[in-house]
Amino acid sequence: MIGLNFTLLLILLMFLSPSDKPIVGEPAPNFSGLSTGGKTITLEDFKGSWVILYFYPKAFTRGCTIESCGLRDSYAELSKLNAKVIGVSFDDIEKQEEFKKANELPFDLISDKDKSIAKSYDTVGILKLYAKRKTFLIDPEGKLAYIFDKVDTATHPQDIIDVLTGIINDSD
């Protein structure tokens, strides 16, 4: 009985504990991470461009490959919208390099081994084993413009294009 009560208390605390969730309209959490190509990149590096920051659970898994290759295939159209794509997972940099090369991805992938970026974007998954599949659209001034909480890997690139085009058209 004590074990069950303790487990229920832990679950309750998990849901009631304060969380610094990113909020649309607020500045996006800054980040710094080791990316493919051996460079460290930050959000500040992309000032003046739209940023598509997508978190995925694990390189070389079916859903993550579909999502990443879809973004690759839509990269030219996203670039025309002044958008830069950055992928983030907990995979080590060697695996990120392999994933990028195997799928011919034209954008950088960040190794978030210490989970610091995922924590700041509230995307750490169950038992802290993987990043939740979420995408953040960040405007050229560094503010969160849109959060994709539910991602359909097959349609996600077009969903991003539709939302981004809508936001750009509304601001004109």
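What do you reckon, is K58 charged (D, E, K, R), modelled with pLDDT of 95 or more and not in a helix (DSSP H, G or I)? For K58, the condition - charged (D, E, K, R), modelled with pLDDT of 95 or more and not in a helix (DSSP H, G or I) - is met.
Taken over the range 125-140, the criterion of being under 20 Å from D162 (Cα atoms) and out of contact with any Pro (no Cβ under 7 Å at 6 or more places or on another chain) is satisfied by K134, T135, L137, I138, D139, P140. Inside the range 68-105, residues that are under 16 Å from the mean Cα position of the chain (by Cα), of a type in the set (D, E, K, R) and over 22 Å from K119 (Cα atoms) make up a count of 2. For the range 55-110, the set of residues classified as in contact with a Lys or Arg (Cβ under 9 Å, 6 or more places away or on another chain) and without any contact (Cβ under 8 Å) to a residue 24 or more places away in the chain consists of D92 only. The set of residues in the range 18-46 that are charged (D, E, K, R) and not in a helix (DSSP H, G or I) comprises D20, K21, E26, K39. For the range 111-118, the count of residues that are touching a Ser or Thr at 6+ places or on another chain (Cβ under 7 Å) and farther than 21 Å from L34 by Cβ is zero.
Restricting E67, E26 to residues that are under 23 Å from V124 (Cβ atoms) and in contact with a His (Cβ under 6 Å, 6 or more places away or on another chain) narrows the list to E67.
Restricting attention to the range 148-165, does a residue exist that is over 21 Å from R72 (Cα atoms) and modelled with pLDDT of 95 or more? No: zero hits.
The values are calculated or read from the model by the stated rules, or taken from the named source; none is laboratory data. Everything numeric in this text was worked out from a predicted model, so none of it was measured. Quick reminder, even Gly has a Cβ in these numbers, built from the backbone with ideal geometry, and neighbours come from all protein chains shown.
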